[in-house]
Amino acid sequence: MSSMVRNFPLLLAYILYPTIMMFSRVFELSLARIWIDVVWVLLGIFVIFFAIARLSISESRRVAWYVVPFFIIIVILAVLKWGGGWYFSDIELIPYFMELKPVVYLLFAWAWVQVFGRLWQNYFVVFGAILGIIIIVDFFVESILAGSISRPYGSGEINYDACLLLISLIMSLVGKCQVRRVWTWLVVIGLFLTFSRTALAAAIVIIFLYSSVKFKTKLTISSLAFLFAIGSFVLRDLPLDTLSSMDRYWMWVSGIGLFIESPGQLVFGFPVGVALPANTPMAMEWLWESQSAGWGLSGVYPYNFHAFWLRLTITWGILAIGFLLMIVVLMLSRRREKLKKALYMLVLIEGVTMGLFYLSNVGVPLFLALLVQDVWHPKKAYALKRVAVNREPVSPALSGSNSF
């Protein structure tokens, strides 16, 4: 299978999405961020028909058995929302779509891998380097226009771009792939210039715990990451000595308050289609009201809580806590390779402030990273060609030294 087809999800999330969003911003076009979800659905439909047309009967059935039912569920929810809203007048169906996103993204990633094969670690680094270049250019353009150092916008949610770059950094410094050193540094510099505090903090922890690079390099990257994290407070004119200036802090305060008032909901979670009995902090009023207005809703719903672990617990209750414990156990397991442990650490730390698997441009690449293929080895190239027609060795241009 062509590498362009196999890696199209990475091309979409890492390059096309931020580029299109940047152009829409420059030319003042009104383009909703959720257009990428429409593309994921269309790609999912493409995968189903491709499986039916090209794969064997058993392989097609394996893909369809898991994917088709969920597309049917989505269609039913859509029909109920726009055709039978009169019957479910007290229940909003939009939040159901929002909470189904991780399931849909997981099924899409799984089906994509089943049909086109696992993605190679190398390509995550290559696409991450290109995204790094986009962020670097955006940083200089915004700074020149502002006449001072300014944070780039990237895709419009620069923290999401930072998460993608962190995945690429893990593939390069923790994975066993061999790529050109300059590509890794483009990823690193791009990550720095996002000024994403959570991503930079996660990078420091992951580099020290799981990376095999020289200690001097670990210290250099981590020190710079710390300085850029501090710089993010300066750029946003935020005080360094208080949490009350951070919106994520108030989201956690409100979310924990929900369970203090209704401790029984910690078992099964809160109903998804009904507004939550949440107290809205003053610091969050404008944001939450604008988000609700954008969806034509009234009240606070799980999607208003941007932290993955908090949102998951509000929706799924004790199942979310079980998932958290599973992540911790996998990280502590001696049988797990460092690459997977580093990705689990990313989920653990970034999930404190970001939606991760709920995010339209992050969820699919993150699932694909967790399903990533072992690094290509030149000595195995001939054998791979013979035993798996849907696997091709990395282009010679991808190979190179990555010894720091």
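The values are calculated or read from the model by the stated rules, or taken from the named source; none is laboratory data. Being a predicted model, the structure only gives us computed values, none of them experimental. Neighbour counts run over all protein chains shown; Cβ positions are idealised from the backbone, glycine included.
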Given the residues ILE15, ILE73, which is the only one that is at pLDDT 90 or above and either in contact with a Ser or Thr (Cβ under 6 Å, 6 or more places away or on another chain) or on the phi < 0 side of the Ramachandran plot (or both)? ILE15
With respect to the numbered conditions (1) at pLDDT 95 or above; (2) more than 22 Å from VAL234 (Cβ to Cβ), which one is the sole condition not fulfilled by LEU200? (2)
Can THR184 be described as surrounded by 16 or more Cβ atoms within 10 Å (Cβ to Cβ), assigned by TED's automatic domain parsing to the domain that holds GLU337, of a type in the set (S, T, N, Q) and at pLDDT below 95? yes
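Quick test for you: out of ILE20, ILE48, pick the one residue that is part of a helix (DSSP H, G or I), in the same structural domain as SER155 (by TED's automatic domain parsing), modelled with pLDDT of 90 or more and surrounded by 13 or more Cβ atoms within 10 Å (Cβ to Cβ). If you could, list the steps in order and put the result at the bottom.
Working: ILE48 fails: modelled with pLDDT of 90 or more.
Testing whether each residue is part of a helix (DSSP H, G or I), in the same structural domain as SER155 (by TED's automatic domain parsing), modelled with pLDDT of 90 or more and surrounded by 13 or more Cβ atoms within 10 Å (Cβ to Cβ) leaves just ILE20.
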Is it the case that THR198 is touching a residue at least 40 places away in the same chain (Cβ under 8 Å), buried (at least 24 other Cβ atoms within 10 Å of the Cβ), in contact with an Asp or Glu (Cβ under 8 Å, 6 or more places away or on another chain) and closer than 25 Å to ASN361 by Cβ? no
All but one of (1) free of Cβ contacts under 8 Å to residues at least 24 places away in the same chain; (2) outside any helix (DSSP H, G or I) hold for GLY273, so report the exception by its number. (1)
Residue within the range 145-153 that is in a helix (DSSP H, G or I) and touching a residue at least 12 places away in the same chain (Cβ under 8 Å) present: no
